[in-house]
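The values are calculated or read from the model by the stated rules, or taken from the named source; none is laboratory data. Note that the coordinates shown come from a computational prediction; the quantities given were computed from them, not determined experimentally. Cβ: placed from backbone, ideal geometry, glycine included. Neighbour counts: every protein chain shown.
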């Protein structure tokens, strides 16, 4: 029996879903080894033999890959199989695997939803594709220098560019991109709502120290010396100071008490509260 190879023949995993994604994945499968000879891409349609247990072959390719390239279009970001492969690739990241999304059909990094947005996004343009190829070259341990790789890339880029420029029609309706005006308007609405919420809270902020002191009185059952002045309308006057109460060490009962600052300039009108019992 022939000995099984201990080393996998693949080191770059190309993930796809849908006609347009598959079109580019097949182009990358053919084009990548021309630019980086050490690259051995895996594409499920081409590289799993008929009759074999495909899930075992796929799991093996995902387990040993050094680089993952996920071909994304606006219509396939929620494709179950693509998300499964991307999730399997993410589990190997700790072992030094490079995973990037290759954005097609005008897809922008800001359009990519999670969890796919966690991967490094590459637009299918010349400069960003060059950067992705340089990263792949390093990740698979290729001996090709950056200078040589740039020359080879420039020579073979028109071939890939031609494939990128003639994408087939999508199988499903492409979700419309949100207009910039709509996104800005939504952000402004959220900002206004947050500002109004904060303003309503700030109205109560000045009463917090007073309320905390009153809670202390209730919890410790401390008597109060004096009573707050009465407004002309008949309502009680409420302090606008941060702390209108002062601790009086000893009252006539020999217990600690709270003395109210009765300076009328320190009080403003407020609706009359429920009557409180006050020590005389």
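For this structure, a couple of remarks:
- Residue match in region 100-122 (condition: more than 20 Å from the chain's Cα centre (by Cα), surrounded by fewer than 17 Cβ atoms within 10 Å (Cβ to Cβ) and in a helix (DSSP H, G or I)): no
- Those residues of region 176-225 which are modelled with pLDDT of 65 or more and outside any helix (DSSP H, G or I), in sequence order: 206, 207, 221, 222
- Within region 37-73, tally of residues that are in contact with a strand residue (DSSP E or B) (Cβ under 9 Å, 6 or more places away or on another chain), at pLDDT 90 or above and surrounded by fewer than 21 Cβ atoms within 10 Å (Cβ to Cβ): 1
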